[in-house]
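In what follows, a structure is listed as structure tokens, so that the remarks can point back to it.
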Amino acid sequence: MSDPTVFAWCFSHGRLHHFVGAPWCTATWALLPGATEEEALTAKAQQYGEATFLDQLPDEQQLALIRGSSDRTA
């Protein structure tokens with residue numbers, strides 16, 4: 001049985017990551033709910049709008065992502 005794919009938006013790389021098993025990216029990313037890429041991208045748009053990179057988010061969201069880097073949960 002293989003591990004499920006977990007989706008995360010990476011605000012450092014500006015793209016959707018697909019993690020199977022342990023997350024491999026050490027940059028600033030946020031886990032997204034969803035079983036498919038489409039569901040994850042919809043959740044990203046709802047939570048973060050059209051922001052691609054960290055500096056495109058409001059200060060509070062930037063800080064929350066940075067502070068939450070050790071507790072990344074969807």
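The values are calculated or read from the model by the stated rules, or taken from the named source; none is laboratory data. Note that this is a predicted model, so its numbers are computed, not measured. Counting neighbours? That spans all protein chains shown, and the Cβs are built from the backbone with ideal geometry, glycine included. Side chains are part of the model used for accessible areas, which takes the heavy atoms of the whole protein and leaves out ligands, DNA and RNA. Shrake-Rupley method; radii C 1.70, N 1.55, O 1.52, S 1.80 Å.
Exactly one of (1) out of contact with any helix residue (DSSP H, G or I) (no Cβ under 9 Å at 6 or more places or on another chain); (2) open to solvent by less than 60 Å² (accessible area, probe 1.4 Å); (3) modelled with pLDDT of 95 or more is unmet by Cys25. Its number?
Result: Cys25 passes all but (3).
Scan segment 55-74 and tell me whether some residue there is loosely packed, with under 12 Cβ neighbours inside 10 Å and under 11 Å from the mean Cα position of the chain (by Cα).
yes
Just to verify a result, which residue in segment 6-18, among those that are open to solvent by less than 60 Å² (accessible area, probe 1.4 Å) and assigned to a strand (DSSP E or B), is nearest to Ile66 (Cα to Cα)?
Once the filter is applied, the top-ranked residue is Cys10.
Are any of the residues in segment 31-46 open to solvent by 40 Å² or more (accessible area, probe 1.4 Å), in a strand (DSSP E or B) and of a type in the set (A, V, I, L, M, F, W, C)?
So the first thing to find is which residues in segment 31-46 are open to solvent by 40 Å² or more (accessible area, probe 1.4 Å), and the list is 33, 35-39, 41-42, 45-46.
Within this subset, residues satisfying the condition of being in a strand (DSSP E or B) are none.
For segment 31-46, residues open to solvent by 40 Å² or more (accessible area, probe 1.4 Å), in a strand (DSSP E or B) and of a type in the set (A, V, I, L, M, F, W, C): absent.
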